[in-house]
1. Consider A:N95 carefully, then state whether it is in the same structural domain as A:L198 (by TED's automatic domain parsing) and either touching a strand residue (DSSP E or B) at 6+ places or on another chain (Cβ under 6 Å) or at pLDDT below 95 (or both).
2. So the check is Cβ under 7 Å with 6+ separation or different chains; which pairs have a first residue in region A:101-121 that's closer than 14 Å to A:A145 by Cβ and within 14 Å of another protein chain (Cβ to nearest Cβ) and a second one that's open to solvent by less than 70 Å² (accessible area, probe 1.4 Å) and among the acidic types (D, E)?
3. Pairs needed: first member in region A:134-158, under 14 Å from A:G184 (Cβ atoms); second member anywhere, within 16 Å of ligand 1 (Cβ to nearest atom); C-beta distance under 7 Å; at least 6 residues apart or different chains.
4. Conditions first: (1) within 14 Å of chain B (Cβ to nearest Cβ); (2) open to solvent by 20 Å² or more (accessible area, probe 1.4 Å); (3) not aliphatic (A, V, I, L, M). A:T79 passes all but one, so which condition is the exception?
5. Tell me, yes or no, whether region B:193-201 has at least one residue that is more than 14 Å from chain A (Cβ to nearest Cβ) and in a loop (DSSP other than H, G, I, E, B).
6. Here are the criteria: (1) out of contact with any Asp or Glu (no Cβ under 7 Å at 6 or more places or on another chain); (2) crowded, with 16+ Cβ neighbours inside 10 Å. Tell me which single one B:L69 does not satisfy.
7. Filter region B:25-48 for residues that are among the aliphatic types (A, V, I, L, M) and surrounded by 11 or more Cβ atoms within 10 Å (Cβ to Cβ) and give the result.
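The values are calculated or read from the model by the stated rules, or taken from the named source; none is laboratory data. Source: prediction; values computed, not measured. Because the Cβ atoms are built from the backbone with ideal geometry, glycine has one as well, and the counts that use them run over all protein chains shown. Ligands, DNA and RNA are excluded from the accessible area calculation, which covers all protein heavy atoms including side chains. Shrake-Rupley method; radii C 1.70, N 1.55, O 1.52, S 1.80 Å.
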Amino acid sequence: MALLEFRNLTRRFGDLSAVNDVSLAIEAGEFFTLLGPSGCGKTTILRMIAGFDAPDAGDILLDGVSLAGVPPEKRPLHTVFQSYALFPHMTVAGNVAFPLEMAKKSALEIRCRVNETLALVHLEDKADSFPHELSGGQKQRVALARGLVNKPRLLLLDEPLGALDAKLREEMQVELIALQREVGITFVFVTHAQQEALALSHRIAVMRNGRVEQCDEPDKLYTQPANRFVADFIGKINLIDVEVAVSTKVLLTLKAPGLGEIAAADPRPLKAGERGAFALRPELIRVHGHKESADLKNRFAGTVRELLYLGDVTLYKVALADGQVIEALMPNAAPGRAKFHEVGDPVWVCWRHDAGVFLKD
Amino acid sequence: MKRPNIWLWTASLAVYAFLYIPLAVVVIFSFNDSMLNAEWVGFTLDWYAKLLGDGEMLRAAANSLLIALLSSSIATALGAMAGIAMHRWRFRWLPFLVLTPVAMPEILLGVSLLLFFRQVLDLTLGFFSILVAHITFSIGFVAVIVRARLAGMDESIFEAARDLGATPWASFRRVTLPLILPALVAGFLMSFTLSIDDFVITFFVAGVGVTTLPLQIYSMIKVAVTPEVNAVSTLLMALTLTLILTASRFAPDVLRGRQ
Ligand SMILES: Nc1ncnc2c1ncn2[C@@H]1O[C@H](COP(=O)(O)OP(=O)(O)OP(=O)(O)O)[C@@H](O)[C@H]1O
Ligand SMILES: [Mg+2]
């Protein structure tokens, strides 16, 4: 049985459906992420799990038992708030001890567990500091320790890394993964940063306007997005408007107006004339100066319009015959050479027939 | 930096002089060794000594202190609840109800309380009616101070307390109360000052028999402004000033008009 389950969860604010008919199941031990743009309803879902808000329709079940009507303090889960929400009048140790005191643990146990947990987040030496004496990263760790110390069934994290700078954020991501593995507590993590979601999660639910667009493992989400929104939201992608020409079990031929035919693979039976988008990741496209070396199934002539030299890789923006620009990401992996093409160069772009996916509209 | 405008300075000084010279005169003449408030004769503490022997005055002072202590304690408790309620639930009429007594002209409040006590409750005026009246006009001040304190705080702190297993009561005792404590102290001191100074409202609801310090001073100056009045006024001033300064230390943000 799933640890946490949403059944047709819905929350409306006036005319707005902040959460709209969401059904999901989260397994014990999972690092589960809710990902989506600002305002898509992530925080609203967390607040309903924590018990600060109640669904207008649908239900939330923990171990198969509905949480409806259970007050926040009776739910065996804790939240790490985006603003950390540390108690300003308590020391770090006092903050971390709070959930244990509320659970009426013995003084001895509290002392041990607080020390243990502070060690886990590398904050032993800050036990007697007050929150206003800590840096952002340290506050964040205290918030984590406070959420973990009483070993909840579930830890909810609302953009806990949002306020950190890029470098610290990356460090904390690594620590968070290690921490979750170490304590084995189920994490429900909220973020609008897709890279963070990909890096941390076992599974991700991509949300838009209160709905779940796709829920999958990170690599599935990246390589097999369910629709244009997911494809576009996760990573960089080229979206080419196409319609189905011929569909067989092994080969899918797509017609791109103004460009020609694109060979693809799709086991689904598709009807000729069906419209959609052909989605292709930039790193799966090769850019060549000579037609002969561009020997992959799909090959189109173009001109380098712009390039972004990034050191290890270069992002080429190539204008094709019909004027549409596609982006290709090429590694600069040849000793002594840093770049292979210049702006204005005529080039050939090519990709394997199974490189992209067809997204039905 | 801009040079201070000389006219602005003159005007400000004039205003302050107007406000404070009369007070200074009272303080100075309370130490004057003469029955008349006319010219400086010499330094004495006789008037203060005389105060200590004045039974009526001492009884009035005791009443004032007791009423101030009780009314500000009760007003702090009730005002804190009102402040928290105003902060947490945004009922539109609640601030209106709580804050009206603050804005209402004192004389109106006095008359209406008098009518209420006499006509509606048929109460014998005295200690109890004064106490209730003082609580009434103090609650609003405490509520405003508490609400301002809460408004400056991260709302998720209170949710975090519940989330981490605190019942509503435990969350109040362990988180809300310590955080609003400075506001409570400030509110208490403010109420205390208001109560001990109040004349108009007390005048209406005191009835006969129970006197407070301001009422006592008033009845004395009906005869003449004696140095004894100066002395008791000086003491009252000193007490009030101390309380206000202490209050502003506890809730500087509120009393300096900032949030
Ligand atoms: N209490 C409320 N009253 C009215 N509307 C609300 C309320 N809370 C949230 N909303 C609306 O519901 C929608 C979803 O809000 P939510 O806070 O869940 O977004 P989010 O996905 O967490 O966004 P972000 O990434 O910016 O935090 C928003 O459009 C928001 O304006
Ligand atoms: Mg949010």
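1. Criteria not met by A:N95.
2. Taking only residues 6 or more apart or on different chains, the pairs are A:I110/A:E101.
3. A:L154/A:V188; A:L155/A:V80
4. (2)
5. Taking region B:193-201 as the starting set, the residues that turn out to be more than 14 Å from chain A (Cβ to nearest Cβ) are B:193-201.
This time we only want the ones that are in a loop (DSSP other than H, G, I, E, B), so: B:198-199.
Yes, there is a match, as at least one residue in region B:193-201 is more than 14 Å from chain A (Cβ to nearest Cβ) and in a loop (DSSP other than H, G, I, E, B).
6. (2) is the only condition that B:L69 fails.
7. Our first condition is that a residue be among the aliphatic types (A, V, I, L, M); within region B:25-48, this holds for B:25-28, B:35-36, B:38, B:41, B:45.
Matches in region B:25-48: B:V25, B:V26, B:V27, B:I28, B:M35, B:L36, B:V41, B:L45.
Residues checked against (1) open to solvent by less than 10 Å² (accessible area, probe 1.4 Å); (2) within 14 Å of chain A (Cβ to nearest Cβ); (3) in contact (Cβ under 8 Å) with a residue 24 or more places away in the chain:
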position	(1), (2), (3)
B:V120	no, no, no
B:L125	no, no, yes
B:I135	no, no, yes
B:L150	yes, yes, yes
B:M153	no, yes, yes
B:R162	no, yes, no
B:F172	no, yes, no
B:A183	yes, yes, yes
